[in-house]
Amino acid sequence: MMTQTVGSGTAANSNETHAINDDDFARIGEMAKNYGVTLRTLRFYEDKGLLNPKRDGSTRLYTRKDRARLKLILLGRKVGFSLREVKQMIDLYDPTGSNSKQLRLTLEKSEKQRARLEKQKLVIEDAISELDQAMSTVREMLASAAPAKASAAN
């Protein structure tokens, strides 16, 4: 589920190598390393309005809120949401409200995405089955051709 109230580990990348104190700011390099993304990706997310780091001159400083948003962005991308959909869901977050509109939209989009993924899963399973059959046929053809080739050599 794509809510801003995600716990600290829910959408976290399992490859986080350097913990960032929630009260500290993280620089772009730390963010990239900790979340397994490129600097270019972070800048792109900023350009699209998904992240809004503070600035100290030309240095980007990411807050706890930015880190939570990045976790949600990465989770959304992982499950197949577009960046536009992720932004729509995240932008509805209101720290003082019930967030029922955000939750309803998130649930609606999640149900639709799950249905799309289920269809893709069936297509992939069918393709795997057909490939397995083709590979079995090729193996049989190779096995029957090998003895014939051996007897022709004699």
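Select from segment 74-102 the residues that are part of a loop (DSSP other than H, G, I, E, B) and modelled with pLDDT of 95 or more and write down the one among them that is nearest to residue 41 (Cα to Cα).
Initial filter on segment 74-102 (part of a loop (DSSP other than H, G, I, E, B)): 79-82, 92-99.
Among the residues that remain, those that are also modelled with pLDDT of 95 or more are: 79-82.
Working: 79: 18, 80: 17, 81: 16, 82: 14 Å.
The residue in question is 82.
Quick one: how many residues across segment 34-48 are in contact (Cβ under 8 Å) with a residue 12 or more places away in the chain, assigned to a loop (DSSP other than H, G, I, E, B) and either farther than 22 Å from residue 89 by Cα or open to solvent by 90 Å² or more (accessible area, probe 1.4 Å) (or both)?
Number of matching residues: 2.
Checking residue 51 against (1) modelled with pLDDT under 95; (2) surrounded by 20 or more Cβ atoms within 10 Å (Cβ to Cβ): exactly one of these is not met. Which one?
(1)
With the requirement that a residue be in contact with a Leu (Cβ under 9 Å, 6 or more places away or on another chain) and open to solvent by 40 Å² or more (accessible area, probe 1.4 Å), what does segment 54-66 give you? Before you say what the answer is, go through the steps one by one.
Pass one, segment 54-66, residues in contact with a Leu (Cβ under 9 Å, 6 or more places away or on another chain): 54-55, 60, 62, 66.
Those that are in contact with a Leu (Cβ under 9 Å, 6 or more places away or on another chain) and open to solvent by 40 Å² or more (accessible area, probe 1.4 Å): 54, 55, 60.
Looking at 71, 119, 78, which is the one that is of a type in the set (Lys, Arg) and more than 24 Å from residue 39 (Cα to Cα)?
Working: 71 fails: more than 24 Å from residue 39 (Cα to Cα); 78 fails: more than 24 Å from residue 39 (Cα to Cα).
On inspection, the qualifying residue turns out to be 119.
Among the residues that make up segment 110-126, is at least one of them surrounded by 10 or more Cβ atoms within 10 Å (Cβ to Cβ) and either under 25 Å from residue 28 (Cα atoms) or touching a residue at least 60 places away in the same chain (Cβ under 8 Å) (or both)?
Scanning segment 110-126 turns up at least one residue that is surrounded by 10 or more Cβ atoms within 10 Å (Cβ to Cβ) and either under 25 Å from residue 28 (Cα atoms) or touching a residue at least 60 places away in the same chain (Cβ under 8 Å) (or both).
Could you tell me whether any residue of segment 67-80 is open to solvent by 60 Å² or more (accessible area, probe 1.4 Å), in contact (Cβ under 8 Å) with a residue 24 or more places away in the chain and within 20 Å of residue 24 (Cα to Cα)? Quick ask: steps written out before the conclusion?
Step one: list which residues in segment 67-80 are open to solvent by 60 Å² or more (accessible area, probe 1.4 Å), which gives 77-78.
From what's left, in contact (Cβ under 8 Å) with a residue 24 or more places away in the chain: none.
So far as segment 67-80 goes, no, none of its residues is open to solvent by 60 Å² or more (accessible area, probe 1.4 Å), in contact (Cβ under 8 Å) with a residue 24 or more places away in the chain and within 20 Å of residue 24 (Cα to Cα).
The values are calculated or read from the model by the stated rules, or taken from the named source; none is laboratory data. As the structure is a prediction and not an experimental result, all values here were calculated from the model. Virtual Cβ from ideal backbone geometry, glycine too; neighbours counted across all protein chains shown. Remember, those area values only see protein heavy atoms, side chains included, never the ligands or the DNA or RNA. Shrake-Rupley method; radii C 1.70, N 1.55, O 1.52, S 1.80 Å.
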